[in-house]
Structure formats: structure tokens, C-alpha cells
1. Given the conditions (1) within 28 Å of SER579 (Cβ to Cβ); (2) open to solvent by 10 Å² or more (accessible area, probe 1.4 Å), and given that TRP427 satisfies all but one, which numbered condition is not satisfied?
2. Any idea which residue in the range 216-239 is modelled with the highest pLDDT, counting only those that are under 15 Å from VAL400 (Cα atoms) and within 22 Å of the chain's Cα centre (by Cα)?
3. So which of LEU587, LEU524 ends up being outside any strand (DSSP E or B) and either open to solvent by less than 20 Å² (accessible area, probe 1.4 Å) or not hydroxyl-bearing (Ser, Thr, Tyr) (or both)?
4. Looking at PHE573, PHE649, PHE664 in this structure, which one is among the aromatic types (Phe, Trp, Tyr) and free of Cβ contacts under 8 Å to residues at least 40 places away in the same chain?
5. Looking at the range 465-491, which of its residues are within 22 Å of ARG580 (Cα to Cα) and open to solvent by 70 Å² or more (accessible area, probe 1.4 Å)?
6. Can you tell me how many residues in the range 652-683 are in a loop (DSSP other than H, G, I, E, B), out of contact with any Ser or Thr (no Cβ under 7 Å at 6 or more places or on another chain) and open to solvent by 60 Å² or more (accessible area, probe 1.4 Å)?
7. Working only within the range 594-617, note down all residues that are modelled with pLDDT of 70 or more and either in contact with a Cys (Cβ under 7 Å, 6 or more places away or on another chain) or closer than 18 Å to THR558 by Cα (or both).
Amino acid sequence: MKIGKMMRHDIENRSKRRAVGSALTMLAAALGVTFFAARNVRADAAPAFDLSGPRVEMKVMRAGKTLPIANVPNLQAGDRLWIHPDFPDSQSVHFLVVVAFLRGATNPPPENWFTKAEAWNKQVREEGFFVTVPQGAQQALLFLAPETGGDYGSLRATVRGKPGLFVRASQDLNQASLDRSRLDRYMTEVRESEGMDAKELHDRSVLLARTLNIKLEMQCFDKPLEQQPSCLMQNSDQKVLDDGHSQSMVAALTSGPSTDLIGAVSTTALAGGGTYSPYVGAIVDLARLMESFRTPDFQYLPSLALPKLEQLNLRLNNPPSFRKPKSVLVVGLPAVEAVQLPPLRPVHAGEVLCLEKPSLVLAVEGAPLVFSTDIGHHFVLEFKDKTGAEVRLPARADAVHGGFLVDAKELEGRALEPEVTGTLRGWWGFETYEGPRFDLKSARNAKWNVAAAEQSALVVGRDDVLHVQSGCAVCVEKVSFKNEKGVELKTSFKVLRPDTLEVGVGLKDETPGAVTMSVKQFGLAKTDEVALHTYSEAAHLERFTINSGDQQGVLRGTRLDEVDSVELKGVKFSPAKLSRANEKDELRLSAATAPLANTLLPEEKVVAHVALKDARVLDLQTTVEAARPKVTLLSKNVQPGPTPTALRFGSADELPQDARLAFFLKAVIPEKFSHAEKIEVATADEAFHVSLSVSDGNLVMQDSENVLATLDPLKSFGASAFGPLRFRPVDADGAKGDWQPLANLVRLPTLKEIRCPDSPDKQCKLSGSNLFLIDSVASDPQFTHTSPVPAGFMEPTLSVPRPNGTLLYIKLRDDPATVNTLVLPVLPDER
């Protein structure tokens, strides 16, 4: 138990030790500690490790299957490693290749866990050699050491004498290699962006930063276009942000020295603590560790592995020395642990995509290594066609496009359903991978309908907007308009919803008459045509509505696109949103600040001065409406439901569906409650709502100014309501106040128990019912080690990380932003 606490304490403080600045470099030099390259910690330097190392090939064999090292995220006991040092015939220095396995920070490995091979040996040079991962191994390192007398024994003694430091070195080498892969991919793609226009460069950079989890310097886009690419590549070491997936792949239990002067200094403000990226932190950690291994005969140089196929593709920071102390190259191999599958998730939940779109992109995020390494391979988008046959479209991870590019060539000649659900599948190393699901539609000729309220919406003399509906809106490639003379009009469109297009058409120079709208879909030769008509309309003002004390008003009439502003008793209102319904325009206007209470009085008759864009001013008689009701929330209290729960909520705003919410309100406008006043409570989309009233007993007046409201969400909304709730007052005449936030309504799973196997490498099982209401489970509140719950999950048990004591951390599907604590006894596995 004591060792476990030491290990957890060490891991929790890793991030603090990694933040090191130039002040630390000077301080370390004063203490006699030599960092292998000062530029590694300078904020204005290029990435370190830019020297090519020796060529070493490696493959991993598991259960009869062989993969190149670039496809391998983790090792397992029993894996056979084929290693081939591919040195040139002219190599003058003989190197020993040593593979060492470790089993934690406090348990030196046995001598037979070290395997050496002479790189100059003819058989080794031509055929390579094999190593088997032993049972109980947790980390693996590869050493390249110049041949000297006693070199192998000295190296083995050093590793066995300081296993904790080499465990740390293994972890840092892996972390730095994975982070460097993201940085290299980002830098390569930005270099290839030179010559693009400003918008293309901006969009490309934003997608790169999102998929690779790279810090994007937005101020670079304020510079001249020719300077933007170089600006985006500055301070490159500081761009790599924390990535929980890569950290979980390399995390190992370590316990460093109890007196760590440099680690302590690195957390100080003088040393720039908290300033630098995890990549720089790992590099500085390596510098410290390698220096501690130094002997009169050997110095240890870290080497990053950036695998390509079977090549380890080693990168060095300093050229090796062949004089005493001679350089021993240290390479981190993948950790020996259970596979950590990438937690990919759709960027836009609920998005509907078109199968025939040539540039179909499955936008995903959450696992940058999918885009920066070759660990993931053979991805496909899988679904069924109309006959029930499986369709597997090749999918390629592409950081530039922000997701997976799908090759739809195999769709030719296939009969497809109008709507299908596709699943991203592939391999993560040796393991099959099932990723997120996507809603897909296929293109087909269809009838396009114009809403009844917009049948006369096309008005000449202006650029107008029309909304048309069909089941294939997401598959639209082009929309065009032609007038009676066959002249094509300027047209634009965007997809508002999977079944709705918003079409903009230029009618400024047109005359009333017939027009034809043509809709072209991806993959279809035939276009859909819709006959429409344009109309003329004169500007006309009907009414301006505003309530006393309000900051917004509504102007109704026609041709309101010509309105520039409205002035009412010295208060200027500017256009905010123009909409059209029932052949009428409705323009919402807003003042910069709310009018004073005595500026616009209820029932006051005033003149609204409406300024048009052509400098004309029209006057409109207006009557100020009564002030809308207003209340303030004084306090609230959640009364638990009848079913107890093991969850401890991370936010006071969480409202379980079977609980009751009591909240006190104070009247503001008017200053006293009337018995006829109601409080309306609804979900954010207003799909569920209820009115609380005195007559129904769920409003109880404490006095004339304060009222106690009681909400029973399960009774009022049913079992399918969830998400943010809000409330507003409604007076006796039906006037409604502004919405105000109230609580987050969440549905709870029933959680029974946690059972864990004896092996610490295996996950535990959480049992219960309605587990689909869980979004994800983690063993730490930062959700570094997390288990997401897929959509449609119906099993009674869920694999979860091993709890921290009796604690697990849960995000509910109805409020994934809040971290809740689960407290259940941890029982032994029954098997």
C-alpha cells in the first residue's frame, strides 16, 4: 500500500515537474547539471531531436499475426519481437543491441530479462534476432551501445541498479515520441499550406489544431498572408497540448528519487512553472534522467522512435560520442500493458451526412494519435445496402480534413436505403476497433416543397431567401435559379437541417415573373426542378411593439430589409434579426442599453422614427406596452427521490428526474405576486413544459412578494425529458417574462456494485440497469483513464477502470460536462 501511494503521488506530480523554462536551464548549469541541448527548453526554438539515428527494423508477432512496429501501440507478454539492426557495410564502430524489460520502479528485473545481440554478427546483420516479452514485464527499452570490454555487464548492472529511473525514461521516451508525431504532422501540413488563400489557410489550420490537439496562435491570422505560415510554425515546442489517450498508453507506475532538486525547481515561477507544453516537459525530464545515468565510461542519450512501417526511424538530439564517456542510445519501446483504444467521438453529434458526397468526411476528435501515427490501420465505414449485404467503404484518417476521408467508389451500382447508420471500424494494433456511428443518407430524385408562408417570399429589388424541404437536403451539390429569359441568377445555399435548405437568390435587378429553381444532388445526373414566381413589394410599416423597460422591440411590415434603425424618445434601436412569416416581414431591433424606467412608460403614446437605408425617415405611431413580469431566484433545494443512488453530484444544479425541486422566487415587476400569476418551467428546446400555479398547489405564497415553487419533473415531463431547465413568469394577461436558468434535469442509472479481478491489469465490472444513461466512467476526476459508454448500450454490466479506493467518476449522458462521484463497495470478481 505504501509503494502504491508513492507511485500515485509521483504520477500526480509529473505535470508539475515538466514545466521548465530558460531560468531553469541557467539554474541547472549553476548546479553542475548539463542539459543535452539548451534549445529544448527555449520557447523560441525549433523542435529538438532533428538528427537521424541508426537504422533499426522491428516487427511484432502475436497469436500468429505479424505487424510492423509502426502499427503497434502496446506490447503483451508472449509477444515475439523481431529486431534487425540495419547498419551499413562501412560501419566502423561495433554496436551491441540490448533489449531490456522492466517490471516497475521498485522491482529490479532478473538478469535473463536482458537480451544482447552483436550488430556486426553476420547472422544478426542478415536475419536479425528474436526476443520474447516475458510474463510480468511492464516496460521495454532498447539500447545501442558501442562495443567495449564489459559493456553489456555494465549496462545491465546500471539498469538493475536504478530500475525506477529507467521506468521513468521509458515513459518519457514514449510520451515524447507520441507528442512529437503530432507536432511533426502539424508542421508538415502547415509547410504545405504556403500559397493558399487566407480563408483556406485559416480553415486548414483550425482543423489541424482540432484533430491533432495543437495550440493554434489565432493572432497569426492578423498578419499579412505571406507571413501567416511561418507564424503558425513559431514556438513549435510549445504547441503540443495534453492528450489523455497518449498518456494512458505510456503511463507506468514509477517512483522517482525522494530528493528531486530539479523537479522541485521546475515548479517555481522563476523556472517558468506551468508555462511549457507536455512535449517540452518530457524532453527536460529525459535530460535530467540521462544525466543521472552518466558514468566515466558511458553517457546515455535519449532517442525518439517515430516509426514508419518496420523502421523505428530513430531521432537523436545530439551526435553520439565514441570516446569516453561513450554514448549509449536509449530507445523507448511500447509499454507492456492492455491496449488503450482511441476514444474517438463525432465532432457534431447528430449530424447527418451524404454517402455520395465525393469529399465525405467523418468529422471526429478525441484521439490525435489516430491522425499522427500509423497505429490505427485498415479503417472502413461499414453499413448495409438495400439487400442486407455489408458495405465497407475504405476510410483514411486525414488531419487536414478534420476526420476520416471516405472512398465511396464501391457504391457504384449498389441499391441503397434512403437512410442508413454507418459504423467506423478498423484495427488498433492487433485489436479490432469499433468507433462512433454516423447517420447517413443516399441521394435520390425527390420533390422539393416551399413552406406555405414563403410561397410569395421572393421579392424583386433585393437579395431574398427561400426555405425548401426534401428528404435529401444533405446530398445537394448545387442550386441554381434562372429567370424567364433563361438568364442564370446569383444563387447560394446552405443546409439548415437534413431535410431543409436555405437558398439565397439575387433579385436586385430582376422584374416580377416566373423563375425556375434547379437542384443537383451528388451522384445523380438528373436535376430536380421547381417552378416559382417573384413579386414586387413596396415598403410598408404596420406596427412597432415594445414593452416598458425592455431593450428589444419588434417592427412588423413589408420590405423591412431596408430599415437602418428605429429611434424612440432618443433611444436608438438597431436591426438584430429579420424573419418572414405569412407573407410579412418581422424585424427584431435591439438598443445598446436598456431605456431608463421613466423613458418609456406603459400606455404612453410615442412616435417611432424609422430610418431607411436610402436616408428616408418614416414615422409610426406607437403605444408602449405594459412592462413584462420579472422575478428573481432567491434559493433552491433538491429533495431526493424515493430510489437511493450511490452518485454524489458534482454540481448543485443537478436535478435527478425522480427528485423534487423547491425554489423561492421574489417578485420584481410587479412588486407583488397576484394569485393568477404563473411560473412556466420548460426544457431548453421547449419540448417539455409545465405551468406552476397557486390554484394547482405547486405555488405557495410566503407573503405578497415571495413565493415557493415546487416542481416534480417526472410527473410533469415524463421519462424522456432531460437537460437544462429554465423558468419565466407569466402574468394574468398572458404576458411572459425572460427565461432564466433553473437546473439541469438528469436521468439516473441504477448502480448496484463493482467487482474487480485480482489482476491489476484487468478492468473491473460495474453492474446495474439503465447503464446507457452513463456517458463515460473514469478512475480519476480528470478523466485520464476513461471508459466511454456507446450509444444503444443495453448490457447489465459495464467494463470500467479500476477504482481509486471505492471511488469512480461518472459523467451522465444528460450532462456530460459535470463530473460526478460514484461510491460503491469494490467486491472481488466472482469467477
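1. Tallying (1) within 28 Å of SER579 (Cβ to Cβ); (2) open to solvent by 10 Å² or more (accessible area, probe 1.4 Å), TRP427 fails exactly one: (1).
2. My answer is LEU216.
3. Residue meeting the stated conditions: LEU524.
4. That would be PHE573, the only listed residue that is among the aromatic types (Phe, Trp, Tyr) and free of Cβ contacts under 8 Å to residues at least 40 places away in the same chain.
5. GLN469, LYS490
6. Matching residues across the range 652-683 total 5.
7. Those that are modelled with pLDDT of 70 or more and either in contact with a Cys (Cβ under 7 Å, 6 or more places away or on another chain) or closer than 18 Å to THR558 by Cα (or both): ALA608, HIS609, VAL610, ALA611, LEU612, LYS613, ALA615, ARG616, VAL617.
This table checks each residue for (1) touching a residue at least 12 places away in the same chain (Cβ under 8 Å); (2) in contact with a Phe, Trp or Tyr (Cβ under 6 Å, 6 or more places away or on another chain); (3) under 11 Å from ILE754 (Cα atoms); (4) assigned to a strand (DSSP E or B).
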{"residue": "PHE783", "(1), (2), (3), (4)": "yes, no, no, no"}
{"residue": "PHE793", "(1), (2), (3), (4)": "yes, yes, no, no"}
{"residue": "ARG802", "(1), (2), (3), (4)": "yes, no, yes, no"}
{"residue": "LEU808", "(1), (2), (3), (4)": "yes, no, yes, yes"}
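The values are calculated or read from the model by the stated rules, or taken from the named source; none is laboratory data. From a predicted model like this one, the values you see are computed outputs, not experimental measurements. Neighbour counts run over all protein chains shown; Cβ positions are idealised from the backbone, glycine included. Ligands, DNA and RNA are excluded from the accessible area calculation, which covers all protein heavy atoms including side chains. Shrake-Rupley method; radii C 1.70, N 1.55, O 1.52, S 1.80 Å.
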